[in-house]
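All of the numbers you see were taken from the coordinates with simple rules; none came from a lab. Predicted, not measured: the structure shown is a model, and the values here were computed from it. Because the Cβ atoms are built from the backbone with ideal geometry, glycine has one as well, and the counts that use them run over all protein chains shown.
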Amino acid sequence: MAIVLKIPFDLGILEENKRGAAKAPEIISKNLKGNFVDVPIDKGNFEETQKNIEKHALEQYKKGNIVIGLGGDHSVSYGLIKAFDKSFKNKGLIYFDAHPDCQDYFLPSTYEDILRCVIKDTKICPNILLVGIREVTKAERKYISNKNLKIGGKKDIIDLLNKVEHVYISIDIDVLDPKFAPGTGEPIKNGLLIDELMEMLRMIIESKKVEGLDIVEVCPDLDKNNKTVLVATELLERFLTL
Ligand SMILES: [Mn+2]
């Protein structure tokens, strides 16, 4: 059974003008029927909040459920992926994002550092695939090459699915082109088309190896004609039947 953890936290975004993703879980979930659980957020204590996210996800994995994290900014994936790492062996991570989020390592992680923190603090690497990356800083380029991180598409997804038994998918909505998902803190042009993303997700879902996933960085305040909220809702709906 799929359980949706609603995580209304966006303080992992340091720039105040890019925040607003905390409003997404309520807005995205309101027209859907599913099993929703509210994760309590302590705005004054990020570390405690991360622990709380991890604890909630671990509880669901122990019950044999599939965990869907609904953010929030990308930092919420840290606790979610830690729980996935503790619950499964022979696993992989598919990271859909315009950015590699590998800027630096420090805890609690921010939306710019989350993947680097995950790589350091879990045993998932080297089974990590980045999809849709198109803005990389100098520090990230160096880190990616040092760690030999794979950036790829469909074919690499198939390779990873053949290699591991359990998969986690992290979807930063900015992986999509801003034409389809303008409502996000750091939109980057030349992103994936909705059909391209859906096709890749279909392949991953059909492998029956998905144990957990998250949808993050939807910012309703920055949205245009509700486009981003609608596409995120469509994505979530697709996963509710897992
Ligand atoms: Mn991200």
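Residue-wise test of (1) touching a residue at least 24 places away in the same chain (Cβ under 8 Å); (2) assigned to a loop (DSSP other than H, G, I, E, B); (3) not basic (Lys, Arg).
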position	(1), (2), (3)
101	yes, yes, yes
106	no, yes, yes
136	yes, yes, yes
141	no, no, no
156	yes, no, yes
167	yes, no, yes
171	yes, no, yes
180	yes, yes, yes
185	yes, yes, yes
task: For residue 197, indicate whether it is assigned to a helix (DSSP H, G or I), within 16 Å of the ligand (Cβ to nearest atom) and within 18 Å of the chain's Cα centre (by Cα).
output: yes
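Every residue, every condition in (1) within 16 Å of the chain's Cα centre (by Cα); (2) assigned to a strand (DSSP E or B), yes or no:
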{"residue": "204", "(1), (2)": "yes, no"}
{"residue": "214", "(1), (2)": "yes, yes"}
{"residue": "224", "(1), (2)": "no, no"}
{"residue": "233", "(1), (2)": "yes, no"}
{"residue": "239", "(1), (2)": "yes, no"}
- request: Scan the stretch 65-80 and give yes if some residue there is of a type in the set (Phe, Trp, Tyr) and either away from the ligand (no atom under 16 Å from the Cβ) or surrounded by fewer than 14 Cβ atoms within 10 Å (Cβ to Cβ) (or both), otherwise no.
  value: no
message: Among the numbered criteria (1) within 16 Å of the ligand (Cβ to nearest atom); (2) surrounded by 21 or more Cβ atoms within 10 Å (Cβ to Cβ), which one does residue 167 miss?
response: (1)
field: Search result, residues across the stretch 88-119 that are closer than 17 Å to residue 52 by Cβ and away from the ligand (no atom under 14 Å from the Cβ)
entry: 107, 108
statement: For the stretch 187-225, the count of residues that are farther than 30 Å from residue 64 by Cβ and either in contact (Cβ under 8 Å) with a residue 12 or more places away in the chain or crowded, with 18+ Cβ neighbours inside 10 Å (or both) equals 14
